[in-house]
1. Can you give me the number of residues within the stretch 413-429 that are assigned to a loop (DSSP other than H, G, I, E, B), surrounded by 16 or more Cβ atoms within 10 Å (Cβ to Cβ) and free of Cβ contacts under 8 Å to residues at least 40 places away in the same chain?
2. Has the stretch 478-486 got at least one residue that is in contact (Cβ under 8 Å) with a residue 24 or more places away in the chain and under 30 Å from Val75 (Cα atoms)?
3. Picking from Pro477, Pro456, which residue would you name as being at pLDDT 95 or above, surrounded by fewer than 24 Cβ atoms within 10 Å (Cβ to Cβ) and under 30 Å from Lys587 (Cβ atoms)?
4. Quick check: is even one residue across the stretch 506-513 under 26 Å from Val454 (Cβ atoms), among the small types (Gly, Ala, Ser), touching a Ser or Thr at 6+ places or on another chain (Cβ under 9 Å) and outside any strand (DSSP E or B)?
5. Quick one: in the stretch 122-165, which of the residues that are closer than 29 Å to Asp39 by Cα and of a type in the set (Asp, Glu) is surrounded by the most Cβ atoms within 10 Å (Cβ to Cβ)?
6. Do we have Tyr207 as modelled with pLDDT of 95 or more, part of a strand (DSSP E or B) and more than 29 Å from Asn281 (Cβ to Cβ) here?
7. Go over the candidates Ala515, Ala538 one by one and state the one that is of a type in the set (A, V, I, L, M), surrounded by fewer than 21 Cβ atoms within 10 Å (Cβ to Cβ) and in the same structural domain as Cys501 (by TED's automatic domain parsing).
Amino acid sequence: MKWMSLGDKGAVLLWGMVLLVLIAAVGVASVAAAGEAADWPQFQKDENNNGYTYEEAPLGVNFAWRAELSGAIDVEPLVVGDDVIVFVRGNYVYSLNKTTGVQNWKSIQLGSGFYTLSTPAYGVDNNTIYAVADYTGATASKLYALNATTGEEIWNVSVKRPDGTTEEIYAPYTPVLFYNNSTSLNLDDDVVCFGTWSNENTVGTYYVYNAADGSPIWNRTSTHNRGYYWAGAAPINQRYIVYGGDDGYLTAVDLQALDVSDEEYIGTGRIRSSVTWCPINETYGHLFFTNRTNAKVTKIGFDASTGDFIEDSCSRNIHFSTSTPTVIGDRVYVGGGNFSTQNNSMICLHKSNMSQEYWTYEPDCSVYSSPAVSIRDSDKYVYFTTNCKNGSFYCVNDSSEDLQWKFTTLEYGTTSGPNGTGTWYSAQLQGVAISDGWVYGGNDGGYTYGLSNVTPGAYGYEVGEDPNCGEPNNEFPPAYYAKIRVLDGDRAVNVTMNDDCYAAHRFTFCGIPSASNVTMINVTWAGVGHQDDDDNGADLYICNTTSGAYEFLQDGGTTDDEVVLTGGITSDISNYIQSGCITVMAKQKGTHSVSDRSWIETDYVNLIITVV
């Protein structure tokens with residue numbers, strides 16, 4: 001066989017007389033889990049809200065699972081071992097298998113409030129999920145401790161205001177912070193922290209509880225007639241916690257003295273991000289956060305030896321933002337934009353002088369989410385979501401400053417009402433979690449997605465008019481796998497050599513759960529099918545493993561331009577899964593005849609399974 005370049009057609013594979021030696025197990029790529037992975041146990045990964053990991057994340061998305069849950073998802077998922085933890089609107093916590101999306105358990109209903117905006121936290125010391133739920137009406141919000149393995153309740157406590165008797169009826173709208181604070185409090189166990197909010201002009205309260213039994217440690221109601229919305233805290237040196245509020249103040253609390261050590265007015269804008277703590281040495285560092293209406297990202301110094309804020313600060317106008325900054329080295333990543341003013345962006349700024357920027361990427365709509373960054377050797381990849389009718393997952397390559405990929409969900413552009421009204425099902429308010437080559441996130445349609453870093457087994461060359469499900473059977477070379485990972489116009493190309501044959505590409509996705517857990521199969525193929533005598537076009541097929549033959553999914557027309565073909569299976573799912581694998585094929589319409597060759601070119605392929 002011979003590999004050669006052929007102008008605009010890209011690299012073309014000409015199959016000669018020599019047979020390609022098949023890789024063991026037919027070379028089918030697996031989407032199964034690959035060993036122990038780093039957890040993402042709370043909002044923005046850790047107690048400092050750092051938002052980055054050295055775990056790999058997808059550089060393209062060929063396989064995804066989609067789990068339909070009972071309510072909209074407005075918080076980040078967690079990753080604990082082999083499980084993805086999701087808190088949904090309606091106050092249920094779910095545990096899903098991280099590689100299949102199949103449900104492990106569902107908690108009891110924790111509350112009756114409508115919105116669920118408080119990301120839970122996982123207690124790494126005691127295998128416990130901590131979630132705060134609010135109730136409709138005058139019933140108190142409650143803090144729950146759940147067994148992370150089974151979902152069973154360990155304990156719950158009603159949240160009480162500073163007087164110790166009045167029940168807290170305002171909603172817990174900040175992420176839950178879990179951290180080990182035993183050094184300063186002389187506790188045997190850890191602590192959890194969160195804040196509450198009711199409306200724009202009502203005071204909220206910040207709470208600290210003992211994670212062992214839910215006993216209260218400290219609380220404080222805002223003195224500025226405002227509450228706490230998405231404003232998660234960061235701990236400093238196991239002594240202080242720092243958080244912002246709708247009042248525009250940044251508050252530092254000394255948990256050893258159980259009192260406020262300092263409070264700084266940042267400006268008129270509501271602080272609706274969590275605080276990111278970046279220490280420089282044992283006693284000094286910087287805090288990063290954003291103001292929503294003041295439209296700035298701010299850096300301010302903090303002296304952990306005194307508990308004071310230091311005017312070692314700078315800020316940058318980035319438009320409307322609720323995004324918690326992610327800080328790595330000399331770079332600050334932060335999102336912005338909203339429904340009305342637009343100015344949608346993911347920005348990378350200089351840490352030392354945030355008036356200077358490295359780059360700005362402008363997605364289709366607003367970025368309310370906080371960036372999650374995967375560091376691979378010297379490269380960084382920035383993952384985030386957008387919050388609008390066409391909400392999507394994004395990955396931006398920090399080195400090239402370009403879009404690596406964009407993933408649109410099956411809910412893209414759909415709403416609960418007519419003519420685009422009602423709930424935007426694909427809107428993604430919060431960001432993603434990264435673990436072991438996967439990215440996880442949910443949307444307002446009530447679906448959680450797991451996006452995989454693994455490509456399918458891919459095979460090409462030529463087939464007859466009615467090929468079986470094992471054809472074509474010549475595996476792609478490594479360079480071709482890279483070409484089909486993202487939709488970018490760079491295509492893997494095959495051409496026929498024999499009369500009466502059609503050029504075709506076959507893709508086999510493995511690691512699929514039992515058919516009893518799969519309710520829908522969706523396939524997307526993007527590419528070109530053309531023939532030298534203008535018998536152009538390509539069609540999409542899926543293998544029926546019961547008959548051993550391909551079934552037609554979508555006609556690609558008669559164009560030799562690139563097309564995107566889609567198809568779905570919603571019934572008799574077991575007919576399409578064999579030994580945990582699903583096979584699809586794209587076949588060019590015209591046959592090879594003398595010198596008129598048949599060409600198939602794949603730009604991108606994707607499989608989404610919906611699971612229960």
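The values are calculated or read from the model by the stated rules, or taken from the named source; none is laboratory data. On a predicted model such as this, the values are computed, not experimentally measured, just so you know. With ideal geometry, Cβ positions are generated from the backbone for all residues, glycine too; neighbour counts draw on all protein chains shown.
1. So the count comes out to 3.
2. Checked against the condition, which is being in contact (Cβ under 8 Å) with a residue 24 or more places away in the chain and under 30 Å from Val75 (Cα atoms), the stretch 478-486 yields at least one hit.
3. So the residue among Pro477, Pro456 that is at pLDDT 95 or above, surrounded by fewer than 24 Cβ atoms within 10 Å (Cβ to Cβ) and under 30 Å from Lys587 (Cβ atoms) is Pro477.
4. Within the stretch 506-513, the first condition is being under 26 Å from Val454 (Cβ atoms), and the residues that meet it are 506-513.
Those left that are additionally among the small types (Gly, Ala, Ser): 511.
Restricting the remaining residues to those that are touching a Ser or Thr at 6+ places or on another chain (Cβ under 9 Å) gives 511.
Now drop any that are not outside any strand (DSSP E or B), which leaves 511.
Yes: one or more hits.
5. Out of the qualifying residues, it is Asp134.
6. Numbers: modelled with pLDDT of 95 or more: yes; part of a strand (DSSP E or B): yes; more than 29 Å from Asn281 (Cβ to Cβ): yes.
Considered against the rule, which asks whether it is modelled with pLDDT of 95 or more, part of a strand (DSSP E or B) and more than 29 Å from Asn281 (Cβ to Cβ), Tyr207 comes out as yes.
7. Details: Ala538 fails: surrounded by fewer than 21 Cβ atoms within 10 Å (Cβ to Cβ).
The unique qualifying residue is Ala515.
Okay, residues lined up against (1) in contact with a strand residue (DSSP E or B) (Cβ under 9 Å, 6 or more places away or on another chain); (2) basic (Lys, Arg); (3) farther than 22 Å from Phe320 by Cα; (4) not in a strand (DSSP E or B):
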{"position": "Gln238", "(1), (2), (3), (4)": "yes, no, yes, yes"}
{"position": "Ile241", "(1), (2), (3), (4)": "yes, no, yes, no"}
{"position": "Asp246", "(1), (2), (3), (4)": "yes, no, no, yes"}
{"position": "Ala252", "(1), (2), (3), (4)": "yes, no, yes, no"}
{"position": "Ala257", "(1), (2), (3), (4)": "no, no, yes, yes"}
{"position": "Asp262", "(1), (2), (3), (4)": "yes, no, yes, no"}
{"position": "Gly269", "(1), (2), (3), (4)": "yes, no, no, yes"}
{"position": "Ser273", "(1), (2), (3), (4)": "yes, no, no, yes"}
{"position": "Trp277", "(1), (2), (3), (4)": "yes, no, no, no"}
